[in-house]
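Below is one structure, written out as structure tokens; comments come after it.
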Amino acid sequence: MGRGPYRLSTFGDGGAVLLAASRSNGSVFLQRANTSSSSSGILSQFMMTPGLSRVRPHDMSRVSFEAADRPNYFLLAGPGGPVRLAKWEDSPAFWDRATFVLHRNTWIPGYDSLEAQARPGFFLHAAAPRLRLLRYTHAHSFRRATLFRLTGARADAPPSPRCQWRYEACVSPCFRTCSDPAAQACPSIPQYDPRPESST
């Protein structure tokens, strides 16, 4: 089930810094929570879905993040460390790179960390203004930089559900998602009539 929308705020600055993405080029970066995003093409709310990867599909700790206002665009772990927003592809490599292991209450209660499934041991690391994957280092400063809180539209508000559609892990981008409940992102969806054909 898709849940959210969520905003991912960092541990530092009291939740005033968020993970955000550019609608135009897909770059992912950190921005202040009070920055207006509606007119600047910045996406900062994400639906959390079951991981797109087919590896360990029933593991609830494996998740993917779809842009709430741009259906079928997911946070993707790049091979060299950067993270970007990319359109869904029919590729196991894409599904793996768009899947993260969500470690709940990591080191500090209420904060989670995200490990890239495609790069075990590499965590989403926030050090303003950069946001990238870094290999785990046993250091207090490193651990603090990997902590995120999943919140609603405001840092002090929980996310409110938009819907309860079952999310098939992108078997087809035409499937209904929580951010596209009417599947309007797809030009046409074959209609199925369950009534039996009449015999002649």
Complete set of residues in region 104-124 that are touching a residue at least 24 places away in the same chain (Cβ under 8 Å), not in a loop (DSSP other than H, G, I, E, B) and not aromatic (Phe, Trp, Tyr)
Asp112, Ser113, Leu114, Ala116, Leu124
One residue is enough: does region 130-141 have a residue meeting the conditions in a helix (DSSP H, G or I), modelled with pLDDT of 90 or more and under 17 Å from Leu19 (Cα atoms)?
no
Just for region 24-77: of the residues that are charged (D, E, K, R) and part of a strand (DSSP E or B), which one is nearest to Asp90 (Cα to Cα)?
Glu66
Could you please let me know if Val101 is among the β-branched types (Val, Ile, Thr), surrounded by fewer than 22 Cβ atoms within 10 Å (Cβ to Cβ) and either over 14 Å from the mean Cα position of the chain (by Cα) or part of a strand (DSSP E or B) (or both)?
yes
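The values are calculated or read from the model by the stated rules, or taken from the named source; none is laboratory data. Note that this is a predicted model, so its numbers are computed, not measured. Quick reminder, even Gly has a Cβ in these numbers, built from the backbone with ideal geometry, and neighbours come from all protein chains shown.
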